[in-house]
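To keep things clear, I will list the structure first and then write my remarks on it.
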Amino acid sequence: MIGRVRWGAVLLAGLLLGAGARAQTGGDVEVSREAWGDYAGVAGREARMEQGSLVLRWRWEVPGERLLQEYWEPDAGEPAFREVVARGEAPGTLVLDGSLLLKKRWIGTVQPDGRVLFVGKGLLKLPYLAGVGEDGTWQVKRVKLDDTGRVSAPVEDGTTGFAFVDAVPGTPAPGAATADEPAPATVAEAAAPETAPAAAIAAVPTPEPTPEATSGPAPAPAVPAAAPARSSFGVLDPLLGQRFVYHDFSAFLTPGEDGRSLLIQFGATTYQLVATPDPRVFDVPIHPDGLRDGVAVVEDDGTVEINLKERRGITNLTGGRHRLRFTANDYGGFDIDADYDMGGLNFSGWEWAWAHSYEPYTEVAAAQHALAAAELRRNQEEMARMDAESRAQQDAAFAGMLGDLADYAAQETQRRDEQDAFIADLQAQVAAAERERQATEALRMAAEAEARRVEAQAQMRMQAEQDARVAAEADARLAAAAAPAQVSGARSAGAAPVATAATAPAAPGGGGASTLDDPSTCVTPPRLGPDRACGKGYSATVTNQCTHPVDVRLCHNTERGWNCGTEWGVQPGDDWSYAVCASTGETFMSLRNTGTSGGLAEP
């Protein structure tokens with residue numbers, strides 16, 4: 001062990017001194033230790049797992065930029081898994097991409113001692129330190145972080161070591177002595193105990209005695225070394241050398257001849273406990289399957305607890321382990337409680353637990369356990385059958401539910417189709433009704449327009465007939481009169497002359513004198529004033545002072561001729577005005593009693 005530590009110190013010193021501030025990568029490319037940490041000096045090297053079969057090798061994929069870190073199984077044609085270490089964006093940071101855990105990525109930070117702290121991205125952090133340890137080996141050490149992201153403590157049993165199998169460039173090869181230090185011990189010397197066996201001592205040739213050595217008193221006879229004390233295995237001590245049974249499993253507790261080791265066999269599993277200087281702690285050498293090893297501890301109450309660390313696969317890096325606890329039971333045997341922890345991949349503590357209760361082997365006990373095992377298998381088969389039936393029922397129920405859902409969906413689809421058809425039909429009926437209403441409304445409006453047109457034509461015809469009749473009567477009266485009925489009106493001060501024509505009413509029945517006043521005697525002459533709407537021309541206004549309505553026609557003379565307006569049925573006491581913008585001031589008025597025959601005169 002001393003030789004190995006000495007060589008580890010030489011290896012570590014060679015690694016640090018050989019790397020220096022910068023390590024050569026080949027050619028003209030240099031790698032700084034500040035940027036790469038301990039990774040600066042590992043390209044082209046390999047290291048073997050101390051308690052396992054994996055070999056770790058490094059090589060540049062892109063010199064100075066991307067370093068491949070590969071884990072190889074012996075005699076394998078390709079690495080079991082591979083990681084790529086590349087420079088990060090910030091100085092002193094690295095990025096590690098692995099081929100496991102769905103190609104998970106870690107961000108690394110170079111520490112002052114050269115190791116690199118890697119912290120996983122995402123929910124699963126799995127922090128660990130990678131680099132050269134104090135013993136010169138390459139170590140992957142799982143750690144815990146505090147709230148600031150700094151290392152607070154290592155994880156128990158969380159270190160995996162890899163011993164370099166080649167020398168650091170520029171350092172002595174293993175086994176070579178330096179000027180200030182003797183050669184390191186060989187592997188056999190390092191593994192040899194401090195007290196050699198008698199056979200080994202006898203094999204060493206005895207040197208010839210010298211005269212000086214033969215003179216003087218004879219040496220004292222050799223005293224045989226005391227045999228080491230036997231170990232105590234807690235609650236298992238009274239059970240050693242016996243056979244035990246549990247269901248279909250047999251168990252054996254076989255102590256070693258020296259009493260300092262114990263072989264535990266149950267079912268197809270075998271573990272060996274080997275004494276250490278601490279009487280309560282035992283080594284558990286690597287399991288025959290090469291997957292795990294660990295330690296055993298005898299607790300104060302005699303319980304034996306074995307803790308085994310995984311040495312293969314992903315749980316090797318995540319700290320996966322087994323724990324087995326051996327306690328005495330009431331049947332003169334022992335119980336085994338076992339559980340399994342996946343380490344960094346586990347989110348709920350210990351899991352995958354199982355328990356066995358062994359009692360001393362007898363034919364009766366074996367038969368009883370065989371019956372119990374058979375009963376257990378029957379129960380398991382029955383539970384499996386019931387579970388299968390339950391799943392079948394659930395599947396059938398689910399299938400029936402799916403069928404019901406399909407029927408419901410078909411019915412719902414049919415209902416929606418019928419509803420859509422009903423809505424479409426209703427919309428078509430509403431559209432047809434609206435078109436019919438619009439057509440009816442158009443016919444009604446056309447009929448009303450036609451009725452108004454006919455009525456207007458009738459009124460025009462009646463008016464024309466009435467005008468013709470009034471004109472004929474007026475012509476008849478004028479022809480019969482001795483003198484024209486037209487008189488000249490008085491001329492207003494500063495006003496144009498006014499002409500007035502009056503038509504006397506005819507007597508009822510076509511004869512006799514009229515009882516109505518002559519409108520020319522009770523309607524005022526036109527009064528001229530300015531046309532306020534135009535700002536020029538004149539407006540003529542008359543007042544009906546008769547006791548009955550009269551029809552009045554007022555005319556203004558313009559440069560283009562006479563412009564006339566007629567008002568029918570001006571009531572007694574009312575005024576009526578007629579204005580023309582282009583009036584010259586000369587006016588003409590014609591009157592008749594409303595309802596009488598004869599037309600109004602024109603100027």
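Structure notes:
- Identity of the residue in the range 256-282, open to solvent by 70 Å² or more (accessible area, probe 1.4 Å) and either under 28 Å from P360 (Cβ atoms) or in contact with a Gly (Cβ under 6 Å, 6 or more places away or on another chain) (or both), that ends up modelled with the lowest pLDDT: A268
- Any hit, the range 139-146, residues being surrounded by 19 or more Cβ atoms within 10 Å (Cβ to Cβ), within 22 Å of E89 (Cβ to Cβ) and free of Cβ contacts under 8 Å to residues at least 60 places away in the same chain: no
- Failed item, numbered, when L11 is tested on (1) at pLDDT 95 or above; (2) closer than 20 Å to F164 by Cβ; (3) of a type outside the set (S, T, Y): (1)
- Scanning the range 107-129 for residues being outside any loop (DSSP other than H, G, I, E, B) and modelled with pLDDT of 90 or more gives a total of 10.
- Being in contact with a Phe, Trp or Tyr (Cβ under 9 Å, 6 or more places away or on another chain), part of a helix (DSSP H, G or I) and among the hydrophobic types (A, V, I, L, M, F, W, C) holds for only one residue in A373, A388, A366, A353, and it is A373.
- Inter-residue pairs, beta-carbon under 9 Å, first at negative phi and surrounded by 10 or more Cβ atoms within 10 Å (Cβ to Cβ) and in the range 428-457, second of a type outside the set (S, T, N, Q) and not in a helix (DSSP H, G or I), 6+ apart: none
- Breaking point among (1) modelled with pLDDT of 95 or more; (2) within 24 Å of G158 (Cα to Cα); (3) not in a helix (DSSP H, G or I), for P79: (1)
- The lone exception for D387 - which of (1) closer than 30 Å to H247 by Cα; (2) at pLDDT 90 or above it fails: (2)
- The set of residues from the range 536-561 being assigned to a loop (DSSP other than H, G, I, E, B), in contact (Cβ under 8 Å) with a residue 24 or more places away in the chain and not polar (S, T, N, Q) comprises K536, G537, C546, H548, P549, E559.
- Just one residue in the set V168, V132, V151 is at pLDDT below 90, open to solvent by less than 50 Å² (accessible area, probe 1.4 Å) and not aromatic (F, W, Y); that residue is V168.
- Selection over the range 48-71 of residues that are open to solvent by 30 Å² or more (accessible area, probe 1.4 Å) and either among the aliphatic types (A, V, I, L, M) or touching a residue at least 24 places away in the same chain (Cβ under 8 Å) (or both) gives a count of 7.
- Looking only at the range 571-595, residues that are open to solvent by less than 20 Å² (accessible area, probe 1.4 Å) and polar (S, T, N, Q) come to 4 in all.
- Residue that is farthest from T541 (Cα to Cα) [pool: residues in the range 558-603 that are touching a Phe, Trp or Tyr at 6+ places or on another chain (Cβ under 8 Å) and acidic (D, E)]: E602
- Pairs, first small (G, A, S) in the range 252-271, second at pLDDT below 90 and in a strand (DSSP E or B), C-beta under 6 Å, six or more apart: G267/F249
The values are calculated or read from the model by the stated rules, or taken from the named source; none is laboratory data. A quick note: this is a predicted structure, and the numbers were derived from the prediction, not measured. Using ideal geometry, Cβ is built from the backbone for each residue, glycine included, and neighbour counts are taken over all protein chains shown. Ligands, DNA and RNA are stripped out before the accessible areas are found, and what is left, the full protein with its side chains, is counted by its heavy atoms. Shrake-Rupley method; radii C 1.70, N 1.55, O 1.52, S 1.80 Å.
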